[in-house]
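This report refers to the structure that appears directly beneath it.
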Amino acid sequence: MLSGGGARGMAHIGVLKVLEDLKIPIDCIAGTSMGAIVGGLYASGMTAQQIDSTMRSVDWQEAFRDAPPRRDLAFRRKQDDRNFLVKLPLGLKHGAILLPKGLIQGQKLQETLRQLTLPLANSTDFDRLPTPFRAVATDLETGNAVVIDKGDLAIAMRASMSAPGVFAPVESDGRLLVDGGLAENLPVNVARAMHADILIVSDVSFPLQPRSALDSALSISNQMLAILVRKDSDRQRASLGPRDILIEPILGLAAATDFTAPSTVIARGEDAARESMGKLAAYGVGDAAYRDYLARRATREPGLPPIKFVRVDAQSKRYEKTIMAEMQPLVGKPLDPKQLGKDITELYGLGNFETLDYSLVEQLSANGAPGEDAGLEIRARRKSWGPNYLRFGLNLEDDFQGNSRYNAAARFVLTEINELGAELLTDVQIGSDPKVASEFYQPLDASRTWFVAPSARIQARELSIYSKNLPIADFRDREAEVDLDFGRNLGNWGEIRAGYHRTNGATRVRYGDPDLVEQQYNSGEYFFKFSYDRLDNVHFPRGGQTFTLQWDANRTNLGADISSDKVTADWLTARSRGRNTILLWTSVGTTLDGQFKTNALPEFYSLGGFFNLSGLAPSSLSGPNYAVARAIYFRKIGRGGEGFFEFPAYIGMSLEAGNTWQHRGDISLGSAHKDASMFVAFDTFLGPVYLGTGYDEAGTAAFYLFLGRTF
């Protein structure tokens, strides 16, 4: 039997490897928390070596995150992080703000366990597994231990490991289940109830710390939990008989949350088991008997059938059209776990679900008897803190010379307005650039391929005019804008949009020559935009690329002051090796026919500021044509991001070349500004924070404190 202990529980694998080396048959197995994970995988028919390989190959940092990798998100969800909003959405229901039930909902962990146990999804009686198995969880309402001996193996393992406050509880048979270590961390009684006459116990419980180590709130909290867990463990250990064997791997202060060194922890389990080889060897059997034991385990492993149908359970009906549009192509084909996992990840990437799970089921015949056809049942659960959400954000830029910009924002999102997944998104922003904007996004089909998206925006901003990097005038600009977009999603990697865009603007001089900027301006245009996004992280990308290309056709018969055509493009690619990353980033924009007013500053392109010619003041260059290229290097420093609450830190530099030009024919490298920057940065919960300095070849310099998205 295998105790709980978080990451320390990987030592159980080493114990099982030694038992296999000694040819000791295991008649039944019981486990708690991580012991239930290891025990459940062994009970499913995996060997200790296979479990070892699996644990080493799992990306545990990813397994303990809910969101899929950014590349796998729906394209619309990728656009959510192209702002400065924090990553955690709060739920809104009946005027109250709701929080998730845990820091982690457990989708990734559940999917990992599902993939590993998929062949046994129909095995509802754990006594019929290749090795009989029990998992121990805790009833969150009563605090009593719950011994799981039937049902879904993956869910049983997941429930047993649901540490309260970290993982969301698992609902099963009307009960909320959490980590079994709270009620019975060392399930000796459970193993005896399975009629095991000799117990081999592997205990990786966290040891109590001496007074000298109790020097922080965290260490005291951990000690309190260890005391509660060990009280029951000590009682269970006291019940062991003379023929039972207790194995205690020496793990020191190895943290229950540190999954970064599985090899070391597994080896400690092997070492501890080998120290007990004198006792263990007495229970080994001969080669023939052990071969028979392995054969019995192997013959009880079912195969993967072809998929004859896909259905959703009763609680998933609101998502049936969307799920069936994604999963129907699997019907009539042999079950491919990798493709199934990819499809589930894409569905989860829509952002609607707290959990999205599935199982193999049999179709019932007309008289209710089990049939021969196997299929998939999908279980989608809406976010318990949704379906309406609230997000906050903060943006700050300061050049330490009296110029600062700040914005605080809130986003209200109403989702699942209809069965096709319509959304209403509203942004409210205060600060240097106050704004109110709203977009109604309506998919036109269940696969969400086509959509319409009308929107409106009212915004104010500061417009400063510079001469030789010094401000000579300042204006306040106000705009009202409406859009009617029609588009097509290109998988989860791209999008095409086309539509009509109308803007009315007005400026007010704060100081300087009022004739430098037109007081009223209007645009009315058709536009076309192609977007590609396979970037793995929008804050500090390690790989992938993004590309956008947009054409705007202003026409006087649509309300524009002047007819003109503008084309803009932006391309960024990231490449990494080890802790080092290089970004190549290019942006260009041009007015094709050259028709523009010389004082049409609000409609011009602008450059200057961090990563946009870092040695110049923000937006100090403007014109109807621009181009800028950057090469940015950054290196991750320290161990930030490897724990739950640590922030990754980076140092880096950039080389930049670019300018704005009055005429497209003037664009040249010789007339471009050459700039550079150096920075230190942190990827915080609020977003990336930069402290940097920039230099221009003309001798100007700038310093920055920057909070918000840069790429």
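Values in this text are rule-based calculations from the coordinates and carry no lab data. This one's a predicted model, so the numbers in the text were calculated from it and none came from an experiment. Because the Cβ atoms are built from the backbone with ideal geometry, glycine has one as well, and the counts that use them run over all protein chains shown.
Calculate the FRET efficiency for Glu171 and Leu655 from the Cβ-Cβ distance with a Förster distance of 45 Å, rounded to the nearest 0.05.
My answer for the efficiency is 0.25.
Shape call for the stretch 49-113 from the C-alpha gyration tensor, a ≥ b ≥ c root eigenvalues: rounded (a/c under 1.5), prolate (a/b greater than b/c) or oblate? Let's see the in-between values first.
Details: a/c = 3.33, a/b = 1.75, b/c = 1.90.
Judged from the Cα gyration tensor, the stretch 49-113 comes out oblate (a/c at least 1.5, b/c at or above a/b).
Just to be sure I understand the rule: take each whole DSSP H helix in the chain, project its Cα atoms onto its long axis, keep it if the span is 27 Å or more and its mean Kyte-Doolittle hydropathy is at least 1.6. Which ones pass?
Passing helices, by number: none.
Take every DSSP beta bridge whose two residues both sit in the chain, then give the antiparallel share in percent to the nearest 5.
95 percent
If you keep only loop residues by DSSP, which GluC sites (Glu not before Pro) in the stretch 60-169 have at most 13 other Cβ atoms within 10 Å of their Cβ?
On the way: sites: Glu62, Glu111, Glu141; in loops: Glu141.
Those that pass, being in a loop and sparsely packed, are Glu141.
Restricting to DSSP loop positions (anything but H, G, I, E, B) with no more than 12 other Cβ atoms inside 10 Å of their own Cβ, which chymotrypsin sites (Phe, Trp or Tyr not before Pro) remain in the stretch 382-431?
Phe400
Could you tell me the calculated FRET efficiency between Lys321 and Glu275, based on Cβ-Cβ distance and R0 = 51 angstrom, to the nearest 0.05? Kindly include the intermediate steps, with their values, before the conclusion.
Details: r = 59 Å, r/R0 = 1.16.
So, using R0 = 51 Å, E works out to roughly 0.30.
Hey, can you grab everything whose amide H is under 5 Å from the amide H of Leu490? Only 5+ residues off in sequence or another chain; H modelled, so Pro and N-termini drop out.
Glu495, Ile496
R0 = 60 Å: FRET efficiency of Ser563 with Asp258, Cβ-based, nearest 0.05?
The value I calculate is 0.40.
Can you tell me the mean projection area, over all orientations, of the convex hull of the chain's alpha carbons? Units nm², please.
36.5 nm²
Could you tell me how far the Cα centroid of the stretch 202-258 sits from the Cα centroid of the stretch 9-26, in Å?
21 Å
Work out from phi, with θ = phi - 60° and the Karplus expression 6.51 cos²θ - 1.76 cosθ + 1.60, the ³J(HN,Hα) of each residue of the stretch 247-258, listed in order in whole Hz, and give x for Gly and Pro.
Per-residue couplings from phi come out as 10, 10, x, 8, 10, x, 9, 3, 6, 5, 9, 9 Hz.
When N is the residue count of the stretch 401-464, what does its C-alpha Rg come to as a fraction of 2.2 N^0.38 Å? Don't skip to the answer; put the middle values down first.
On the way: Rg = 16.0 Å, N = 64, 2.2 N^0.38 = 10.7 Å.
Rounded to two decimals, the normalised Rg is 1.49.
I'd like the Kirkwood hydrodynamic radius of the stretch 320-410, using the inverse of the mean 1/r over distinct C-alpha pairs, in Å.
17.2 Å
Taking H as built 1.01 Å from N, whose amide H comes closer than 5 Å to the amide H of Asp258, not counting residues under 5 places away?
Ala7
Karplus couplings for the stretch 578-583 from phi (6.51 cos²θ - 1.76 cosθ + 1.60, θ = phi - 60°), rounded to Hz, Gly and Pro as x?
Residue by residue, the stretch 578-583 yields x, 8, 9, 9, 10, 10 Hz.
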